[in-house]
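Notes follow once the structure below has been shown.
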Amino acid sequence: MTTSLDGKVALVTGATGGIGAEIARTLAAAGAAVTVVGRNAEAGATVVKELNRGLFVAADLTRRETHQSILDATLALFGRLDILVNNAAAHAAGPALEGAEEDFDRIVALNYKAAFFLTQAALPSLIASGAGRIVNISSIGTVKSYAGAAIYNSSKAALDNLTKSWALEHGPDGVRANAVNPGIVVDGPMSAPVQEFLDIEHAVLPTIPARRLATAADVAAVVTFLAGPGADYLNGVIVPLDGGLTA
Ligand SMILES: NC(=O)c1ccc[n+]([C@@H]2O[C@H](COP(=O)([O-])OP(=O)(O)OC[C@H]3O[C@@H](n4cnc5c(N)ncnc54)[C@H](OP(=O)(O)O)[C@@H]3O)[C@@H](O)[C@H]2O)c1
């Protein structure tokens, strides 16, 4: 069993910072060429500088026309695509009763719809790869929900289910689709407000058997494993990366 990704090409959305950037760096360290996607060109260029073979493509993924352009740019430079990581996401905290339509549309458009259509656009290349890998970055909130994140958690639940559809429909094409569902990631920017609001030491850590929060490196390690040959028989799996919270 090997985790070497030598010769492979990966595309990571939302990789201009946070967990996505760590995933891009870890895939690159395992040997993959990586396309980094996000809206912030300066941050994207900084991440790409850290990669052996990297490409930044600026795109607002909620605009469908960007999807084919991202694929075209990747194929033009690297000639193939083997690994797609749908990581870009948005969040809005607050009671479901007060959920605004604008937030609903924005979150669903990125977390679910963009992941669907970018994957659809990538599938011909992933099938051509012979060992295509889709890894969706979801959330432990789909397994064990919590109050104040109805739109986000339900958008991620849709992503979990979508993961199974890709797995079922394209397993016979050599494609594997799995999701990684982290709990609070200590260095994941999206959780910063939650970490400020919650008493992590006294209210959260006692509920996590591993007695620590996840790190971006934890997420990237599991993504890299799922992207590699050692995970060839994992398909349609939702991986709770939660230190045992939901055990
Ligand atoms: N942090 C946590 O505790 C935690 C826990 C569970 C799951 N997760 C999941 O892990 C993933 C990364 O989280 P994070 O903490 O690293 O969050 P983050 O720093 O907010 O990262 C989100 C990324 O998405 C990109 N993005 C946002 N809107 C976009 C758009 N319209 N088009 C293209 N890219 C867009 C952002 O880049 P630009 O600004 O450059 O566009 C950014 O790189 C997300 O899927 C999140 O749901 C996080």
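No lab work stands behind these numbers, since they all come straight from the coordinates. Bear in mind that the values here come from a model prediction, so they are computed numbers and not experimental data. FYI the Cβ positions are ideal-geometry reconstructions off the backbone, even for glycines, and counts take in every protein chain you see.
Listing for the model above:
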read-out	value
Qualifying residue in the range 33-56 (condition: of a type in the set (Asp, Glu) and near the ligand (Cβ under 8 Å from one of its atoms))	no
The range 82-95 - residue that is near the ligand (Cβ under 10 Å from one of its atoms) and part of a loop (DSSP other than H, G, I, E, B) and, of those, nearest to the chain's Cα centre (by Cα)	ASN87
2 or more residues within 22 Å of ARG176 (Cα to Cα): qualifying strands (runs of 3 or more DSSP E) within the range 1-81	9-13, 33-38
Search result, residues across the range 232-241 that are of a type outside the set (Gly, Ala, Ser) and part of a loop (DSSP other than H, G, I, E, B)	ASP232, TYR233, LEU234, ASN235, VAL237
Residues of the range 122-150 satisfying the condition of being part of a strand (DSSP E or B) and hydrophobic (A, V, I, L, M, F, W, C)	ILE134, VAL135, ILE137, ALA149
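Conditions tested, residue by residue: (1) away from the ligand (no atom under 11 Å from the Cβ); (2) part of a strand (DSSP E or B); (3) exposed (fewer than 15 other Cβ atoms within 10 Å of the Cβ); (4) over 15 Å from the mean Cα position of the chain (by Cα).
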site: ASN161; (1), (2), (3), (4): yes, no, yes, no
site: HIS202; (1), (2), (3), (4): yes, no, yes, yes
site: VAL219; (1), (2), (3), (4): no, no, no, no
site: GLY243; (1), (2), (3), (4): yes, no, no, yes
